[in-house]
Amino acid sequence: MLKKEEPQDPSVAFRYPRVITYKHSLGYQSKFAHALKMGRIIATKCPVDGRCTIPPRIVCPMHHVKQTEWVDQGQRGKLLSAFKINFPMFDSRTGDLKSWETPIVSIELEGGARMDGWCSETDTEKLKPGMVLEAVWRPAEERQGRVDDILYWKPV
Amino acid sequence: MSQNIKKSVADIPEDTIVVEVQGHSNFLVTVGNTGHQFMLELKDNKTITGIKCPGCKKVYVPPRSHCPTCFVKMTEWVKLSGKGTLDTYTVVRYKEQYMPKEPPYAYGVIKLDGADTGIVHMIGGVDLNKIKVGMKMEPVFKEQREGSILDIEYFKPV
Amino acid sequence: MNGERIAIVGVGQTVHKSKRTDINTAELCAEAVEAALADAQMTMKDIDCVILGSFEPADGYSGPDKWIVPEIGAVGKAGFEMQNVGTTGGVVAATGFNMAASGLFQNVLCVAWQKMDEAAGAFGRGGGGANEYWTGQFPMSPITNFARRTYDYMTRSGCTEEHLAMVRVKQDQCAQRNKNAQLKLGLTVEKVMNDFLLAWPIRRLHMCPTTAGSAAIVVCPEKRAKKVTKKPVWVEDWFTCHQGGALTMAEDPQASTLGYACRKIYKRCGITNPKKEINAWEVYEPASTAELRWMEEVGVAEDYKAWKLFEQGKVGIEKEIPFNPSGGVTATNPIGATPVVRVVEASLQIRGDAEEHQVPGTINRALATAYGGQGENVVFLLKKTL
């Protein structure tokens, strides 16, 4: 699909590969990362309409008020949508083309917030909106406070 | 769903976490017909060429398709001797990612005879402490040339 | 609205292609600028403000304006570069309009570009709004974004893959009549439905291509506009806004501010029946399937019923709803420049200069939009007379 056509003649065109390291502060969202390390999912809650959001935000984007309350979201959620990528796409963590066999699912958690994840069920025909999925975590000692501390979601 | 989600969040720390993330890119740079012509002259004939504006008569090195002052297309090529005068320079003594060579090295702006703009390139063949603004310079070409600005290895004092 | 009344007095664009090895990025811009200045019967000397921009992460150049401004002969003129993912052209034009409406400048040049043949893997980084911490584990891109949106649309509306294909075929029929469009494929519903599946229900043909192209416009305040051209295209109103919950699509799969922006702008301009009062549409749809929901949001179709209009054959250049007569974004997508291409195309429709893909009849009013990342819209209303 995505062919890499390498330029042959640098006087016509040339490539310049680069790898750059950034240090991003998670700021207010750090609490979410700490929770992941503990095997928990939490979200901020808007004091106006009570909506919980992931990523958590210090201010509600719609109501422009501070979101000081954090709410536990549980370990389970309802499937909203699922799809599989049928072609090699770039892995942003390595810069390489890679095949992706696991479906990506969107889940509405028990606490009401929504998030994305991988799914253990690779047959997308069997994934129906509304079905209940449960988080499967990395072993505690391997968790880094990143979203992929949740290895995947499995149907209950 | 049966989970109790009323669990307290009070025990979860709040101190700031900084994550390291890497950005990868592999862009292609198209030189364009004008730049290509310049590169071919370097590669095949070890010649530096400029391009002349039909309006203001300025000669630009490296070449570009349009004059920045007159915004007219330039098509008249001018062959230059390659010799020029050092306008300004510096010696790089620090090191960071993606430098063209190991420091210390000198690079400067050389105003070529017959051109109105300076060209940026490395300076070599000279003790770094003995470089002087106003020195006459000439290019040293690589043996193996591929059609790149680095086909000129560096400029050295005449 | 306060400020000067303004008009577009010149438009220009390059022919859009998948690849341009004959010119570099700056020279690509020069082509569009030359065309816009010629159309406005001006030279660069007349221009007093230049607003330019591209989707920088897909450009490979940091601060490309430093290089491109000299290349388009604009040294010493007021102005700056804008960067806003796919919305870039939208904010370039909106800023240019603001500059002209402020009364500070008489001849504002807006130029946007993208040379996507140079941008390998830019979308592996997640496209617009990507944040390594939140989306780094997924190969997020416009493809996955619209796979999700379309899945959700199909669930809610009951439309089938065949309807999605009909949208793509309509776009292709329009693009075949546009001399500047990139993809002219002679598609049929069967061809689209049998095309390579990227991420269900998105097939390769549903997604916008990668394009090397540039577009430019010249904008003047009222008095000056009347002096320089017999065919000014008046900018009636423009509005730009973000949406909440753009970072992960899960947050709200149908989240969009396009409808919000349109309602706002229609109210300001006293438009009560957009389908009747707007005669041509150039809407930024990164995937052909997005056109369905976008048609509903801009007010030409009822919620979740736009697909029925395709079933009834009501959409097309000579049809009841002239939606994206240029062939739209799935035919041509120099991403940062794409919204300026929409404004250029909408202007050509109003002037009656769109040649082969001209919508018949008088186009009194046209709407153009920009869309970017997963959450910003810009809406422009253009009209024939003040």
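The values are calculated or read from the model by the stated rules, or taken from the named source; none is laboratory data. None of these values were measured; they are calculated from a predicted model. So basically every Cβ, Gly included, is an ideal-geometry build from the backbone, and we count neighbours across all protein chains shown.
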Failed item in (1) touching a strand residue (DSSP E or B) at 6+ places or on another chain (Cβ under 9 Å); (2) surrounded by fewer than 16 Cβ atoms within 10 Å (Cβ to Cβ), with B:G124 passing the rest: (2)
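Restricting attention to the range C:60-90, report how many residues are hydrophobic (A, V, I, L, M, F, W, C) and crowded, with 22+ Cβ neighbours inside 10 Å.
Looking only at that region, the number is 6.
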Examine the range B:129-142 for a residue that is within 14 Å of chain A (Cβ to nearest Cβ), more than 16 Å from the chain's Cα centre (by Cα) and surrounded by fewer than 16 Cβ atoms within 10 Å (Cβ to Cβ), and state whether such a residue exists. yes
All but one of (1) among the aliphatic types (A, V, I, L, M); (2) without any contact (Cβ under 8 Å) to a residue 24 or more places away in the chain; (3) farther than 27 Å from C:S256 by Cβ hold for A:M62, so report the exception by its number. (3)
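What helices (runs of 4 or more DSSP H) completely inside the range C:268-379 contain at least 3 residues that are surrounded by 22 or more Cβ atoms within 10 Å (Cβ to Cβ) and modelled with pLDDT of 95 or more?
C:290-298, C:306-311, C:338-351
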Scanning the range A:114-133 for residues that are more than 19 Å from the chain's Cα centre (by Cα), of a type in the set (K, R) and not in a loop (DSSP other than H, G, I, E, B) gives A:K126
Which count do you get for residues in the range A:75-108 that are modelled with pLDDT of 90 or more, part of a loop (DSSP other than H, G, I, E, B) and surrounded by 22 or more Cβ atoms within 10 Å (Cβ to Cβ)? 1
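Let's see how each residue does on (1) among the charged types (D, E, K, R); (2) assigned to a loop (DSSP other than H, G, I, E, B); (3) at pLDDT below 95; (4) out of contact with any Gly (no Cβ under 8 Å at 6 or more places or on another chain):
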site	(1), (2), (3), (4)
C:S62	no, yes, yes, yes
C:G76	no, yes, yes, yes
C:E81	yes, no, no, no
C:V92	no, no, no, no
C:Q106	no, yes, no, yes
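Of the residues C:I265, C:I271, which is hydrophobic (A, V, I, L, M, F, W, C) and in contact with a helix residue (DSSP H, G or I) (Cβ under 8 Å, 6 or more places away or on another chain)?
Just a single option satisfies the conditions, and that option is C:I271.
Residues being acidic (D, E) and facing chain A (nearest Cβ under 10 Å): count how many of those fall in the range C:136-168.
If we filter the range C:136-168 for residues that are acidic (D, E), which is where we start, we get C:152, C:161-162.
Restricting the remaining residues to those that are facing chain A (nearest Cβ under 10 Å) gives C:152.
Of the residues in that region, 1 qualify.
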Looking at B:F71, B:F38, which is the one that is at the interface with chain C (Cβ under 7 Å from one of its Cβ atoms), out of contact with any Phe, Trp or Tyr (no Cβ under 7 Å at 6 or more places or on another chain) and not in a strand (DSSP E or B)? B:F71
Residues located in the range A:109-133, provided they are surrounded by fewer than 17 Cβ atoms within 10 Å (Cβ to Cβ) and charged (D, E, K, R): A:D123, A:E125, A:K126, A:K128
